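A quick write-up on the structure given underneath.
Rule-based calculations on the coordinates, nothing more; no lab input. Note that the structure is predicted; figures quoted are calculated from it, not measured. With ideal geometry, Cβ positions are generated from the backbone for all residues, glycine too; neighbour counts draw on all protein chains shown.
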Amino acid sequence: MPEHIPDGTGEFAGRTALVTGAGQGIGASVALSLAAAGAHVAATDREPHGIEALATEWRARAADGPGAVTPYVLDVTDADAVTRTVDRVEAELGPLDILVNVAGILRTGPATELADQDWADTFAVNTTGVFHTSRAVAGRMAARGSGCVVTVGSNAAGIPRSGMAAYAASKAAATMFTKCLGLEVARSGVRCNVVAPGSTDTPMQRGMWADDPEGRGERRVIDGDPAAYRTGIPLGRIAEPRDIAEAVVFLASDRARHITLQELYVDGGATLR
């Protein structure tokens, strides 16, 4: 469970947010950060354990705080389930002001050897899932004249990565979808932006180091790998989930009220952008 809960500012007091993939990693950190700033967060994930633990953790740490975390089981690949869950959240917690798309999976392997199912599963969650949730929420926001959508993409969407063709392509598609959506709903007062993390200390990242007998996975990422045409991280550290959450919270806030259609890289300079 994330250790970091920022000081409550009440910046999002009275607002309702829906966060997908909130059971662990970046999604959990985003949910906690929004709640700490006063939002009532609908924390969703297809597995109940993580979001239930997150809600319990929040109640234990911030029982008197301005925000709240309520768990909802949701598989973003199921369009009907997304619509039903959004209906339920708005009925129980109030109209959604913020949507943060974090749910994602990673299937690695050479593009020429990638299984059809791995490709399909990756796009079902990382791209179609973003479409399902954004479609269900953004129209309601537009009708009300305000709202914010933040999609957590990846720096892999903007630079080729060996062994990550499906993931990179799915994140690139989700990124462009979010920007196109943002263009369509801008006149209605709805903002849509993307946060593009680099390597972040999450279960997904650590899963890529499982076969590293020397235990140097993190060091290899920081140093880079010329053989794989991969630069290292100029800042010399892997991100923590809260680094990504802080960027999401900023883009969801009124401080970013004139920012839309943008892609903010949070990768320690790894893509040299």
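Worth pointing out:
- To the nearest ten degrees, helix 165-185 and the longest principal axis of the Cα atoms of the chain are 30 degrees apart.
- Normalised by the number of residues in the chain, the average gap of Cα pairs under 8 Å and 6 or more apart makes the relative contact order 17 percent.
- A simple rule links phi to the HN-Hα coupling: the Karplus curve 6.51 cos²θ - 1.76 cosθ + 1.60 with θ = phi - 60°, which for the range 92-101 gives 8, 10, x, x, 6, 9, 9, 10, 10, 8 Hz, with x for Gly and Pro.
- Helix-derived mean residue ellipticity, 222 nm - over the chain, DSSP H n ≥ 4, -39500 (n - 2.57), to 500: -12500 deg cm²/dmol
- Taking the longest Cα principal axis of the chain as reference, the axis of helix 48-61 is set at about 60 degrees.
- For VAL266, the residues whose amide H sits under 5 Å from its own are ALA196, GLY198, ignoring neighbours fewer than 5 places away on the same chain, with H placed 1.01 Å from N.
- For MET164, distant residues with modelled amide H under 5 Å away: GLY109
- Under 5 Å between amide hydrogens, built in the peptide plane, is the criterion, and for GLY147 it picks out ARG191 among residues at least 5 positions away or on other chains.
- Integer Hz, Karplus 6.51/-1.76/1.60 couplings in order for the range 71-84, x for Gly and Pro: x, 9, 6, 8, 9, 5, 7, 9, 4, 5, 5, 4, 4, 4
- Derived scalar couplings between HN and Hα for the range 224-233 equal x, 9, x, 5, 9, 6, 10, 6, x, 10 Hz in order, rounded to whole Hz, by the Karplus curve 6.51 cos²θ - 1.76 cosθ + 1.60 (θ = phi - 60°), x for Gly and Pro.
- The range 65-98 and the range 165-194 have Cα centres lying 20 Å from one another.
- Averaging Cα coordinates gives a centre for the range 20-53 and one for the range 99-160; these two points are 17 Å apart.
- Between VAL73 and ASP223, the simple label model (points 7 Å from Cα in the Cβ direction) yields a spacing of 4.5 nm.
- The range 105-212: projected area of the alpha-carbon convex hull, averaged over directions, in nm²: 7.3 nm²
- Per-pair calculated FRET efficiency, R0 = 41 Å: ARG59 and ALA143 via Cβ, rounded to 0.05: 0.80
- Extreme residue, positive dipole direction of the chain, given options CYS148, TRP58, MET164 (C-beta unit charges): CYS148
- Peptides 153-164, 115-126 ordered by packing proxy, namely the average of other Cβ atoms within 10 Å per residue, highest first: 153-164, 115-126.
- Among 178-191, 18-31, 219-232, 95-108, the order from most to least packed when residues are scored by Cβ within 10 Å on average: 18-31, 95-108, 178-191, 219-232
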